[in-house]
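The structure under discussion appears below in the form of structure tokens.
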Amino acid sequence: MRGTLLAGVTLALVAPAAPAFGQSANQSVTSITVFGDSLVDAGNINTLNPSVASPAAGYFDGRFTNGYDYTDLLSISLFGTPTTASLEGGTNFAFGGARATNTSGVPDLGEQLGLFQGYLAGGGEVDETGLYVLNFGGNDIFNALGTGAPAGYESDSAYLLAAATSYAQGVQTLADLGATNFLITGFPNPVPLSLEAEGYLFDALAALPLAEGVTLNFYSYLDFFGRLTANPAQFGLPANLDFATTCQAAAAFPSCSGYFSFDGTHPTAAVHQAVFTDIQEQFGFAAAAGGAVPEPATWAMMLLGFAFVGSALRGARQRRRVEVRFA
């Protein structure tokens, strides 16, 4: 993500939690694969440019915060190890700065799916019982907040509709490859455009012709940040959590105790811990018997380039029942 998090206006923009359908106490998964932006980048951008998210500025192990992010914590809790960046041989394909639209200078959603295709071509496999995390939207909102409509779009609304449509199509592409378990996050920026974009995303996800047995777990950052702002203590954070000062500005790293924002854009590791806890309380992911983080594969990813997985859906398909869980 890029830009400013604007945590102070969250309360006025809380999205009501959508109803839960068929939610179970536990969802067993065998691995975690991640696509997204800097909120979940495990070191891909840092691998390309070590001066970005460097330890000298308080960043931890290539992450854009002072510790592990929520996908790392989820992986640690289930399988004992954090996620590993795809450029280091792992299955975390997130890149800081990425968008749901293919409009930035880093691998966006479509290009990350292309990298995943490279992983598959190099001997990797789709884990049909694995969890596929998609965390996009923040950088699309930042792009829409600029002067005028984003390049190539007639309006901010048209751009956000395209972002939501692309986001949902990424889910369809992975489902067509065999993925069945998804954790999808909404737009994190507490601004009115995020509410608009999240509405488009709800509609786009609901319209997908997904196969029977696919589960979409939707997590709303807007809802979480609203509850956090109203009562930080409910998440184990100080009641006087500082939303105005960044941890970097206070030179309070590595602990960043008592701060919401690490650098003005990204939350601290303590907030990621709260997100992880909230996700687990709502969706209850558990390690399936025999589940483990896959060993890093050797694959010629860069030789295949950042090609998008082109044909997500060929021909007409009969629409079937899809289990959807919202939080």
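Values quoted throughout were computed directly from the atomic coordinates according to the rules given, and no laboratory measurement underlies them. All of these numbers come straight from a predicted model, not from anything done at the bench. No Cβ is skipped: glycine too gets one built from the backbone with ideal geometry, and neighbour counts run over all protein chains shown.
Computed quantities for the displayed model
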| quantity | calculated |
| --- | --- |
| Extent along principal axes [Cα atoms of the range 152-215; Å; largest to smallest] | 35, 25, 15 |
| Net charge dipole size for the range 173-280 [Lys, Arg +1 and Asp, Glu -1 on Cβ; Debye, nearest 20] | 300 |
| Residue exposure sequence - 108, 69, 242 - by fewest surrounding Cβ within 10 Å | 242, 108, 69 |
| Per-bin percent of Cα-Cα distances, the range 198-276 [10 Å] | 17, 39, 21, 17, 6, 0 |
| Hydrodynamic radius (Kirkwood) for the range 18-137, which is based on Cα pairs only, to one decimal in Å | 14.9 |
| Inter-probe distance in nm under a simple model that places probes 7 Å from Cα toward Cβ, at residue 207 and residue 129 | 3.5 |
| Calculated SAXS-style log₁₀ I(q)/I(0) at q = 0.23 Å⁻¹ - the range 121-194, Debye, Cα scatterers | -0.98 |
| Sequence-distant residues sharing a close amide H with residue 29 (under 5 Å, placed H) | 286, 287, 288 |
| Which of 63, 227 has the fewest Cβ neighbours within 10 Å, and the rest in rising order | 227, 63 |
| Alpha-carbon centroid distance for the pair the range 172-231 / the range 30-47, whole angstrom | 18 |
